[in-house]
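A.B. asks: Have a look at this one before I ask anything.
The values are calculated or read from the model by the stated rules, or taken from the named source; none is laboratory data. Predicted model only: the values in this text are computed from it and were never measured. Every residue, glycine as well, gets a Cβ built from its backbone with ideal geometry; the counts of neighbours run over all protein chains shown.
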Amino acid sequence: MKHLRVTIKALGPLSFPRRKPGTQFRESLEYIPGSVLFGVLGQVASENDQFSATEFRALRCHNAYTAREGDIWVHPLPATAQGPKGDDEPHDTLIERLCWEQLQPPAIIYSPTDAAGRPWEARGGFYAIQDKKPVRRDPPEQRVITRAGINRKRGTSQDNILFSPLVLNEVTYSPDKKPQPSLFIGSIVAPDGFAADELLSSIEWIGAHQSTGHGHVEITCKTISEWHDPPPKPFDTKPEDVLTRIETFTKACRAQASIYKQLGGEAWNITGHIFTINLLSDTILLEHGWQPTMVLTAAMLEEVTGIRARLLRSFASYDYAGGWHALWQRPKESHVITRKGSLYVFETDEELQDNDLEKLYQLQLQGIGERVQEGYGQVRICDEFHIIERQG
């Protein structure tokens with residue numbers, strides 16, 4: 001398998017509505033979903049007689065999130081990202097909150113406040129790393145574009161056909177108010193024999209309303225080693241990269257627990273590894289193979305990876321996702337999804353072994369849950385956001 005970095009530059013307004021029915025004022029998704037890349041890859045591969053069902057089942061087309069020039073990658077902010085009101089800089093509260101709750105008896109309910117006594121607010125959206133600090137990346141603004149249907153026989157506007165979709169602006173503004181094309185960064189995991197980079201580079205139009213001028217893009221796709229040598233973080237190239245983050249996260253938990261031990265009570269004795277599974281995209285989880293759920297349980301983790309661990313804490317919320325199948329011209333099945341940014345904290349009794357790290361490394365490449373080919377179920381083991389401030 002090869003890991004590809006995908007950069008998409010908007011040359012026109014972009015539209016990615018969540019649902020097909022209804023044409024008035026449909027809000028677009030704030031990112032480019034992996035299902036769009038998966039669909040256009042299938043279309044181009046069929047036109048070039050390169051379609052292979054086996055290779056397409058192995059594809060993993062991840063979402064492309066809003067970025068700025070110079071960004072290496074962009075991730076959704078975890079559910080534990082908070083900050084004072086009026087302060088856009090996100091701060092992580094996971095390790096402090098986790099250590100408070102693991103004291104026996106639990107110390108207090110963790111609720112940070114600002115200087116005025118107001119509680120911190122949750123920080124949604126996306127982030128990148130700049131100057132060794134997490135920085136928010138806001139998606140492009142959306143604007144309304146009104147279009148009229150055309151009667152093909154008369155060549156004039158058709159009566160009673162007027163629609164006004166909301167589209168992503170093709171221009172964003174830097175902090176110094178300079179306009180620049182909207183950028184999106186994603187990734188694709190593809191079989192070695194599948195020329196996904198060549199096929200993607202030939203694509204010029206994606207998304208909805210292409211016949212009215214929406215969706216014009218320029219796509220650059222390269223393998224991680226071609227784009228940057230050595231490969232930049234967080235594009236892992238071996239299981240040892242996963243181990244480095246897990247050990248750093250575990251060490252930070254041990255240090256925080258030792259501080260809280262002074263409050264009294266039974267201290268948190270960490271004998272193995274502690275790691276998080278962060279959802280970088282919406283995820284469709286099924287318990288026992290059929291029951292929708294939004295919690296990744298220890299039993300589900302063991303079923304996928306063989307790792308025996310305890311679920312210490314989950315920070316998750318749910319939503320519903322459907323979609324529209326352009327080829328079949330019919331709605332896709334609706335699913336209960338766990339929202340991107342959700343995360344789960346696990347603890348093992350003993351330190352993880354090489355085969356465990358290999359399974360976690362493969363989990364990042366293959367994803368978890370249903371419809372992983374379309375961008376659902378992308379995960380990150382111990383996302384950098386939880387440790388970057390401490391390392392800095």
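A.B. asks: List, please: which pairs have Cβ atoms under 8 Å, are six or more places apart or on different chains, and start with a residue in the stretch 37-51 that is touching a residue at least 24 places away in the same chain (Cβ under 8 Å) and assigned to a helix (DSSP H, G or I) and end with one that is surrounded by 15 or more Cβ atoms within 10 Å (Cβ to Cβ) and charged (D, E, K, R)?
C.D. replies: That search, which allows pairs on different chains as well, returns Phe38/Glu374.
A.B. asks: Show me the strands (runs of 3 or more DSSP E) entirely contained within the stretch 232-348 in which 1 or more residues are touching a Pro at 6+ places or on another chain (Cβ under 7 Å) and of a type outside the set (Lys, Arg).
C.D. replies: On the way: elements: 274-279, 285-287, 291-293, 310-315, 318-321, 335-338, 343-347.
Answer list for the stretch 232-348: 274-279, 285-287, 335-338, 343-347.
A.B. asks: Could you list all residues from the stretch 356-380 that are among the aromatic types (Phe, Trp, Tyr) and in a loop (DSSP other than H, G, I, E, B)?
C.D. replies: Quick first cut of the stretch 356-380, residues among the aromatic types (Phe, Trp, Tyr) only: 361, 376.
Residue satisfying the conditions is Tyr376 alone.
A.B. asks: Assuming Gly323 fulfils every condition listed in (1) crowded, with 17+ Cβ neighbours inside 10 Å; (2) closer than 25 Å to Cys382 by Cβ apart from one, which condition is it?
C.D. replies: With (1) crowded, with 17+ Cβ neighbours inside 10 Å; (2) closer than 25 Å to Cys382 by Cβ applied to Gly323, the lone miss is (2).
A.B. asks: Being without any contact (Cβ under 8 Å) to a residue 12 or more places away in the chain and within 20 Å of Asp87 (Cβ to Cβ) is the filter here; which residues of the stretch 131-157 pass it?
C.D. replies: If we filter the stretch 131-157 for residues that are without any contact (Cβ under 8 Å) to a residue 12 or more places away in the chain, which is where we start, we get 131, 150-157.
Passing the criteria: only Asp131.
A.B. asks: Follow-up. Does any residue of the stretch 202-215 turn out to be among the hydrophobic types (A, V, I, L, M, F, W, C), outside any loop (DSSP other than H, G, I, E, B) and closer than 30 Å to Arg57 by Cα? Explain how you work it out, then say what you get.
C.D. replies: To start, the set of residues in the stretch 202-215 that are among the hydrophobic types (A, V, I, L, M, F, W, C) comprises 203, 205-206, 208.
Add one more test, that the residue is outside any loop (DSSP other than H, G, I, E, B), and what stays is 205.
Narrowing the set further to residues that are closer than 30 Å to Arg57 by Cα leaves 205.
Looking through the stretch 202-215, at least one residue is among the hydrophobic types (A, V, I, L, M, F, W, C), outside any loop (DSSP other than H, G, I, E, B) and closer than 30 Å to Arg57 by Cα.
A.B. asks: Here are some residues: Glu55, Glu69. Which one is over 30 Å from Thr212 (Cβ atoms) and not aliphatic (A, V, I, L, M)? Steps first, answer last, please.
C.D. replies: Details: Glu69 fails: over 30 Å from Thr212 (Cβ atoms).
Going through Glu55, Glu69 in turn, just one is over 30 Å from Thr212 (Cβ atoms) and not aliphatic (A, V, I, L, M): Glu55.
A.B. asks: Any idea which of (1) in contact (Cβ under 8 Å) with a residue 24 or more places away in the chain; (2) of a type in the set (Ser, Thr, Tyr); (3) touching a helix residue (DSSP H, G or I) at 6+ places or on another chain (Cβ under 8 Å) is the one Tyr110 doesn't satisfy?
C.D. replies: Only one criterion is unmet by Tyr110, namely (1).
A.B. asks: Right, here's the next one. With respect to Pro134, is the statement that it is within 30 Å of Asp383 (Cβ to Cβ), in a loop (DSSP other than H, G, I, E, B), in contact with a strand residue (DSSP E or B) (Cβ under 9 Å, 6 or more places away or on another chain) and of a type outside the set (A, V, I, L, M) true?
C.D. replies: It is false that Pro134 is within 30 Å of Asp383 (Cβ to Cβ), in a loop (DSSP other than H, G, I, E, B), in contact with a strand residue (DSSP E or B) (Cβ under 9 Å, 6 or more places away or on another chain) and of a type outside the set (A, V, I, L, M).
A.B. asks: Another one. So, in the stretch 115-129, how many residues would count as being surrounded by 13 or more Cβ atoms within 10 Å (Cβ to Cβ) and without any contact (Cβ under 8 Å) to a residue 40 or more places away in the chain? Quick ask: steps written out before the conclusion?
C.D. replies: Our first condition is that a residue be surrounded by 13 or more Cβ atoms within 10 Å (Cβ to Cβ); within the stretch 115-129, this holds for 120-129.
Going one step further and asking which of them are without any contact (Cβ under 8 Å) to a residue 40 or more places away in the chain, we end up with 120-121.
Selection size over the stretch 115-129: 2.
Results for (1) modelled with pLDDT of 95 or more; (2) buried (at least 21 other Cβ atoms within 10 Å of the Cβ), shown as yes or no for each residue.
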position	(1), (2)
Thr276	yes, yes
Asp282	yes, yes
Glu287	no, no
Leu296	yes, yes
Ala299	yes, no
Arg308	yes, no
Leu311	yes, no
Phe315	yes, no
